[in-house]
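To keep things clear, I will list the structure first and then write my remarks on it.
The values are calculated or read from the model by the stated rules, or taken from the named source; none is laboratory data. Quantities reported herein were computed from a predicted structural model and do not represent experimental measurements. Note that each Cβ is placed from the backbone with ideal geometry, even for glycine, and that neighbours are counted across all protein chains shown. Each accessible area value is taken on the protein alone, full model and side chains, heavy atoms only, with ligands, DNA and RNA left out. Shrake-Rupley method; radii C 1.70, N 1.55, O 1.52, S 1.80 Å.
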Amino acid sequence: MNDDAGNPFAELLEEYVAECAPLAQAVGDTLVTLERRWEEGDPADQLFGTLKGSLHTLKGNSAMLGLTAIQALAHCMEDVCAFLGERPDLRPAASGLLLRGAGVLVEMVGRAARGPLSADRSEHFISEAREFIQAESVGTETSAPYPERRRFERRTGSEVGELGSDGVVSTIRVDARRLDGLLETFGETMIAGLGLREAVRDLAIRHRGAGFTDLEHALTSLEKTLKRLEGALMATRLVSIATVFGRFNLLVREVANAHEKRVGLVTSGGETQLDKTVIDRLGEPLVHLVTNAIIHGLESPAERERSGKPSEATVTLSAVQRSDRVILTVTDDGRGLDPERILHKARQLGAVAADATPSREEVFAMAFLPGLSTTERVSALAGRGVGLDVVANSIRTLGGSIEVASEPGKGTKFTMSLPLTLAVLRSLLVAVDGERYALPLGDVAESLRVTNEAIHEIDGHGMMLWRGQVIPVSDAAEVLGGSARASRNYCVVVRSGARRRGMLVDGLLGHQDVVVKALDPSLGRPPTISGATILGDGRVACILDTARFAELRATEASTATLS
Amino acid sequence: MKQELKPSARDSLLTFADDVAHQGVAVRAEAAEPERHLVIFSLDREEFGIPIARAREIVRVPEITRVPQAPPHIRGVMNLRGRILPVVEIRTRFGLERAELTSRSRVVVVEAHGRMVGILVDVVSQVVKIGESAIVPPPDEVVSQRADYVSNVARVGPRLIILIELDKALLLENVSTPAPLIS
């Protein structure tokens with residue numbers, strides 16, 4: 001199965017989770033659909049059959065690993081299904097019960113590899129299910145209160161076949177840590193290649209370019225191969241975003257019910273792929289956005305009807321790839337953000353001057369300020385005091401950016417732009433104050449030569465004309481805590497959403513693919529630095545968080561320290 | 001254990017100590033007293049000691065890259081065979097001026113909480129074993145709130161060696177939460 005040393009049972013458990021977690025999730029998803037179909041009076045027998053099949057497989061797999069609590073839970077859900085098979089009239093009434101079971105199932109399967117499971121919740125469900133069956137059996141000819149006609153059967157080969165392979169694509173399952181190790185080694189190879197390139201360049205300069213053609217050719221071909229290797233390696237790490245979207249069916253239903261809202265979830269672009277590292281860390285911010293949207297963004301069904309909207313609200317999750325980034329949106333058709341309230345709160349927090357009149361776009365951007373979006377109300381599901389600033393921070397640590405647009409009464413749309421991969425960054429190297437910095441190329445709108453005359457100053461804030469637009473300009477050295485200087489020769493225009501900002505630098509050192517490494521936490525997470533990399537000469541260069549730089553407000557851009 | 005030994009005598013004692021350590025429990029029981037194995041380095045005129053078990057390696061000072069807006073006791077980051085480590089300017093932590101790099105400057109790479117951190121020091125003088133009896137707590141008057149990293153003082157002949165508590169000296173305990181852009 002797996003030749004790693006270690007506890008073989010632990011590995012079996014991991015395999016179990018890898019196989020059964022999606023299955024448990026599918027049980028939940030199927031039930032969400034069934035609930036709707038049943039309410040509409042459609043017995044949906046075929047889908048119901050799929051559900052029973054999934055439960056049966058889950059039961060079998062759990063039994064093989066001695067996970068008796070999960071086995072009993074799946075078994076009990078099967079029994080409820082069998083009961084509903086005979087009593088189609090009870091199906092709509094029982095869907096809520098089954099969905100609760102599915103929630104417990106998803107949670108228990110997910111935790112199975114992380115130590116012993118508590119059976120509290122599954123037992124609670126089982127007794128609830130027994131009561132349901134017993135109550136509904138009264139008066140019918142079924143004398144047994146708990147129909148136990150089906151025995152536990154070992155899962156058969158054919159079931160495995162149905163589930164897994166389609167006979168065409170051959171796939172293997174690989175421990176993600178191995179892929180990470182591979183990526184790390186690749187990164188080192190790439191840095192070594194960069195070093196080799198610099199050494200060859202030095203050699204050629206010292207010997208006036210004589211006789212190094214073969215060496216240059218060999219090196220160029222090595223670099224091309226490395227590039228292909230990078231592509232292949234990245235492809236093995238891509239996971240479709242459907243794995244993240246998948247968990248939202250149950251979540252949306254649960255949150256909506258708890259807050260007496262009627263919500264339908266629409267997802268699109270689930271086949272869009274992202275690096276595993278990004279996928280793994282995307283779930284949490286998305287959960288916050290979706291729960292926030294349902295709890296705070298959507299109106300009650302009655303309120304919606306009064307304002308002429310369909311009583312069922314819609315939350316949409318979408319993903320689409322744009323060159324080397326993925327654009328994710330979370331949209332709701334609720335009441336929208338109130339710009340007045342945001343501005344009022346921002347003034348209270350002192351984040352905006354009392355007499356300032358920011359544009360609507362600027363006001364919405366303030367929703368991501370710390371302390372602004374946290375509502376006073378604390379709800380069981382979403383109101384863990386998690387504000388939009390936390391969401392924005394997690395998106396930023398993924399090298400992404402987030403924006404919000406809203407139309408009062410019509411709804412709210414969060415748009416996130418994320419890099420396809422976190423490992424290798426296409427960057428522009430610049431020189432600032434004797435250090436080199438890497439700028440993500442995706443955030444660079446243009447780099448150009450400038451003269452002192454092109455930079456205008458008002459009250460210590462620089463600005464310039466760029467493509468017919470007046471944009472703010474700051475001295476990179478000053479923002480990065482160094483000394484401002486009278487003249488800098490180059491300007492890099494960086495962007496974040498619709499914002500542009502010129503960044504004055506000492507020199508442009510060319511494009512380079514760099515391997516991104518995280519900074520040690522003891523460095524205190526400097527606000528304008530997102531990571532570091534090792535350049536060809538073995539020295540470390542910091543990676544600038546250009547999006548953050550572009551979003552600097554005037555007061556911050558003009559002071560040396562940011563916090 | 002006697003403190004004032006000729007270098008040769010000290011070396012043979014160290015060899016003996018190593019042998020003892022290798023021969024296991026039975027022989028160790030006969031050893032005179034428990035000892036601490038320390039790496040000694042200097043900052044200005046003072047000597048400091050850290051447990052050798054914490055020191056991973058001692059390297060010549062590589063190019064150090066400044067990190068904007070990093071805490072003041074961080075000199076920058078360095079590349080150690082493909083890993084990026086923070087370099088702590090421990091002199092400023094101990095109330096001294098920033099270090100002038102010389103040919104004798106070194107970075108002591110230590111492990112802390114599973115992470116590697118470099119400490120910039122003036123000179124690494126030696127690796128010694130010191131008997132427990134030579135190790136005493138520092139006078140109360142010396143250990144202020146700010147100097148809470150001093151754990152003990154060791155006497156080696158006429159020398160006083162300040163034993164430091166690495167986690168406190170490196171300020172690793174209060175790994176900060178992300179600073180908000182606007183506070």
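Odds and ends about this structure:
- Inter-residue pairs, beta-carbon under 7 Å, first in the same structural domain as A:ALA44 (by TED's automatic domain parsing) and in segment A:86-98, second assigned to a helix (DSSP H, G or I) and charged (D, E, K, R), 6+ apart: A:ARG87/A:GLU136; A:LEU90/A:GLU136; A:PRO92/A:GLU39; A:SER95/A:GLU35; A:LEU97/A:GLU128
- All of A:GLU35, A:GLU123, A:GLU78, A:GLU86 fail the test of being out of contact with any Cys (no Cβ under 9 Å at 6 or more places or on another chain), among the acidic types (Asp, Glu) and under 26 Å from A:ALA242 (Cβ atoms), apart from A:GLU35.
- Checking segment A:244-267 against the condition returns a match, with at least one residue being acidic (Asp, Glu), in contact with a Leu (Cβ under 9 Å, 6 or more places away or on another chain) and open to solvent by 40 Å² or more (accessible area, probe 1.4 Å).
- Selection from segment B:62-75 of residues that are more than 13 Å from B:LEU171 (Cα to Cα), facing chain A (nearest Cβ under 8 Å) and assigned to a strand (DSSP E or B): B:THR65
Yes/no per residue for (1) aliphatic (A, V, I, L, M); (2) under 19 Å from A:GLY28 (Cα atoms):
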site: A:LEU251; (1), (2): yes, yes
site: A:GLU260; (1), (2): no, no
site: A:GLY269; (1), (2): no, no
site: A:GLN273; (1), (2): no, no
site: A:ILE295; (1), (2): yes, no
site: A:GLU299; (1), (2): no, no
site: A:PRO310; (1), (2): no, no
site: A:ASP333; (1), (2): no, no
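- Some residue of segment A:212-222 being open to solvent by 90 Å² or more (accessible area, probe 1.4 Å), without any contact (Cβ under 8 Å) to a residue 24 or more places away in the chain, out of contact with any Pro (no Cβ under 9 Å at 6 or more places or on another chain) and not in a strand (DSSP E or B): yes
- Selected residue (criterion: farthest from the other protein chains (Cβ to nearest Cβ)) from residues of segment B:95-111 that are surrounded by fewer than 16 Cβ atoms within 10 Å (Cβ to Cβ) and not acidic (Asp, Glu): B:ARG104
- Residues that are open to solvent by less than 50 Å² (accessible area, probe 1.4 Å) and without any contact (Cβ under 8 Å) to a residue 40 or more places away in the chain, drawn from segment A:197-208: A:VAL200, A:ALA204
- Of the strands (runs of 3 or more DSSP E) entirely within segment A:450-563, those holding at least 3 residues that are outside the structural domain of A:GLU362 (by TED's automatic domain parsing), over 28 Å from the mean Cα position of the chain (by Cα) and modelled with pLDDT of 85 or more occupy A:461-466, A:469-475, A:490-496, A:499-505, A:507-515.
- The set of residues in segment A:169-196 being open to solvent by 60 Å² or more (accessible area, probe 1.4 Å) and more than 13 Å from chain B (Cβ to nearest Cβ) consists of A:VAL169, A:SER170, A:THR171, A:ILE172, A:ARG173, A:VAL174, A:ARG177, A:ARG178, A:ASP180, A:LEU182, A:LEU196.
- Matching residues in segment A:516-547 - criterion: being touching a helix residue (DSSP H, G or I) at 6+ places or on another chain (Cβ under 8 Å), more than 7 Å from chain B (Cβ to nearest Cβ) and either surrounded by fewer than 22 Cβ atoms within 10 Å (Cβ to Cβ) or more than 25 Å from A:SER417 (Cα to Cα) (or both): A:LEU535, A:GLY536, A:ASP537
- Enumeration of residues in segment B:76-94 that are facing chain A (nearest Cβ under 9 Å), of a type outside the set (Lys, Arg) and in a strand (DSSP E or B): B:GLY76, B:VAL77, B:MET78, B:ASN79, B:ILE84, B:LEU85, B:PRO86, B:VAL88
- Being farther than 30 Å from A:GLU312 by Cα and touching a helix residue (DSSP H, G or I) at 6+ places or on another chain (Cβ under 6 Å) is a condition met by at least one residue of segment A:78-101.
- Filter result for A:ALA302 (in a helix (DSSP H, G or I), in contact with an Asp or Glu (Cβ under 6 Å, 6 or more places away or on another chain) and not basic (Lys, Arg)): no
- Tally, over segment A:225-239, of residues that are under 14 Å from A:ALA176 (Cβ atoms) and either among the hydroxyl-bearing types (Ser, Thr, Tyr) or not in a helix (DSSP H, G or I) (or both): 4
For every residue, the table says whether it meets (1) at pLDDT 90 or above; (2) within 13 Å of chain B (Cβ to nearest Cβ); (3) open to solvent by less than 30 Å² (accessible area, probe 1.4 Å).
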site: A:ILE327; (1), (2), (3): yes, no, no
site: A:GLN348; (1), (2), (3): no, no, no
site: A:PHE364; (1), (2), (3): no, no, yes
site: A:GLY385; (1), (2), (3): no, no, no
site: A:THR412; (1), (2), (3): yes, no, yes
site: A:VAL432; (1), (2), (3): yes, yes, yes
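- One residue from A:SER307, A:SER318, A:SER323 being exposed (fewer than 15 other Cβ atoms within 10 Å of the Cβ) and on the phi < 0 side of the Ramachandran plot: A:SER307
- A:LEU51 assigned by TED's automatic domain parsing to the domain that holds A:GLU123, in contact (Cβ under 8 Å) with a residue 24 or more places away in the chain and open to solvent by 10 Å² or more (accessible area, probe 1.4 Å): no
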